[in-house]
Each structure stands twice: as structure tokens, then as C-alpha cells.
Amino acid sequence: MSTWANLGLQDSASPLMEQLIFFHDHALLILVMITVLVGYLMFMLFFNNYVNRFLLHGQLIEMIWTILPAIILLFIAFPSLRLLYLLDEINEPSVTLKSIGHQWYWSYEYSDFNDIEFDSYMIPTNELSTDGFRLLDVDNRIVLPMNSQIRILVTAADVIHSWTIPALGVKVDGTPGRLNQTNFFMNRPGLFYGQCSEICGANHSFMPIVIESVPTNYFIKWISNN
Ligand code: CUA
């Protein structure tokens, strides 16, 4: 989860989020190089005293400064497309979780197992325990196994919501009348926090998501006790 003064991306907990961070850093590096170059050129123009009275055209420089940016853009476009299709890949999921957005809470269904369904509400600040995270902890957490492919089906019952977990690189809109699909793979145990990220009404900020990533044998134990 994001802690105090963290302005960057959260630590990744899935291979896809790792790729997203790599792409972010790559794009940022290109951006910084362009900004420095253009900034330097604009700054140096202030101190330029030379004037070319016979300058009417410069076809060579125009060729260069048209084609060069186009090539630089390709270095962003191709990794971006690779990532886009990688995010859409479904790799034979071993567990499917259905999450339904409501105003203003999430409800979950483990359709693979016999009728496991529950609602997940945010814990209000006045009921929070001392080790709880304000506006982020919920009464019923999602429990899912680490090191396995997990499919998420997202929909909504009233208005559009968005099921978003930054550490896993997951962000899917839940839309009434539609069933959206995504998948992820958690490569470590722990708690992963998320929030709804589609402006869905007065209590939009108060419908967080918590995933408990556990080893597979613990998950089987949890499933059979429900
Ligand atoms: Cu649900 Cu914002």
C-alpha cells in the first residue's frame, strides 16, 4: 500500500505491475531527455546575437526535426502496445473472483466454490482498531492464493464503479449490464489495498478493496471453512 510521502508508484506485487513500472521509467527517461534538450535550446536563444539575412528555407534541418521525433515516438509506442496486449492476456486462471460494485460497497462471489458470497464494507473511522488503516480497511477481505493466475470479473449493480489495486496493476470498470474481465498473479503474500476509481457518488471515497494474498494451502483451508 501507499504510505506517508510516497509520491511515486507503489511497490509491485505482480509481474504485470513490474512491467508497467519499467514502462513508466522508460517513458519518463525519454521525456526528461526531450525536456532538457528543448529547454537548453530555448535558454540559449536568449543569448544568440547572430542573424542570417539570407535564410529562406532549410530543408535538411526540417527533415531531421520531423523524422527524429517520429522515431523517438516509436520507442514509446512499441513498448506501450506490447504492454497493452500483455495486460489483456488470460493465462488459464485457477481461481475466478466476481466483484460487484454497489453504492457504496463491493460484494464478492467465489463462483468456483459452493456459494461463497459476501459484502465488503469500509470500516468507519470510529470503529477502527489501532492497527487499522483509515478509509482503507474493510470488514470482509478478499482472500486469494499467491503464485496462481487469478481471474477477476467486474460488474456493477447501480452506477459505474472501478475495481482498482495499484500494487497489482489492476484497474477495471464495473459497469451495469456488462461483465468485464481481467487477470493478475500475486508473487508475494501480504495485504494489497485498492479503492474505487470511478466517480460514483457521494461516498465514492469510502468503498476500498483489500486482498489478503496467502499461500495456496491456507487459501484451501479458508475456502473449506466458508
Ligand atoms: Cu464506486 Cu467510486
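General observations
- Of the residues making up the stretch 1-31, just one is among the aromatic types (F, W, Y), part of a helix (DSSP H, G or I) and without any contact (Cβ under 8 Å) to a residue 60 or more places away in the chain, namely F22.
- Taken together, the residues in the stretch 32-64 that are of a type in the set (V, I, T) and either open to solvent by 100 Å² or more (accessible area, probe 1.4 Å) or touching a residue at least 12 places away in the same chain (Cβ under 8 Å) (or both) amount to 2.
- From the options V143, V159, residue that is within 16 Å of the ligand (Cβ to nearest atom) and crowded, with 16+ Cβ neighbours inside 10 Å: V159
- Count - residues of the stretch 186-207 that are buried (at least 21 other Cβ atoms within 10 Å of the Cβ) and in a loop (DSSP other than H, G, I, E, B): 3
- Failed item in (1) over 17 Å from the mean Cα position of the chain (by Cα); (2) at pLDDT 95 or above, with N226 passing the rest: (2)
- Verdict on N226 being away from the ligand (no atom under 15 Å from the Cβ), out of contact with any Leu (no Cβ under 9 Å at 6 or more places or on another chain), open to solvent by 10 Å² or more (accessible area, probe 1.4 Å) and farther than 25 Å from L20 by Cα: yes
- Residue list for the stretch 208-223, filter: in a helix (DSSP H, G or I) and open to solvent by 60 Å² or more (accessible area, probe 1.4 Å): T216, N217, Y218, I220, K221
- Just one of (1) assigned to a loop (DSSP other than H, G, I, E, B); (2) in contact with a Ser or Thr (Cβ under 8 Å, 6 or more places away or on another chain) fails for S162. It is (1).
- Pick from the stretch 165-185, criterion in a strand (DSSP E or B) and away from the ligand (no atom under 16 Å from the Cβ), ranking: surrounded by the fewest Cβ atoms within 10 Å (Cβ to Cβ): Q181
- Within this structure, I67 fails the test of being of a type outside the set (S, T, Y), farther than 30 Å from I223 by Cβ, surrounded by 10 or more Cβ atoms within 10 Å (Cβ to Cβ) and touching a Ser or Thr at 6+ places or on another chain (Cβ under 8 Å).
The values are calculated or read from the model by the stated rules, or taken from the named source; none is laboratory data. Being a predicted model, the structure only gives us computed values, none of them experimental. Don't worry about glycine lacking a Cβ; one is built from the backbone with ideal geometry, like all the others, and counts go over all protein chains shown. The accessibility values were calculated without ligands, DNA or RNA, using every heavy atom of the protein model including side chains. Shrake-Rupley method; radii C 1.70, N 1.55, O 1.52, S 1.80 Å.
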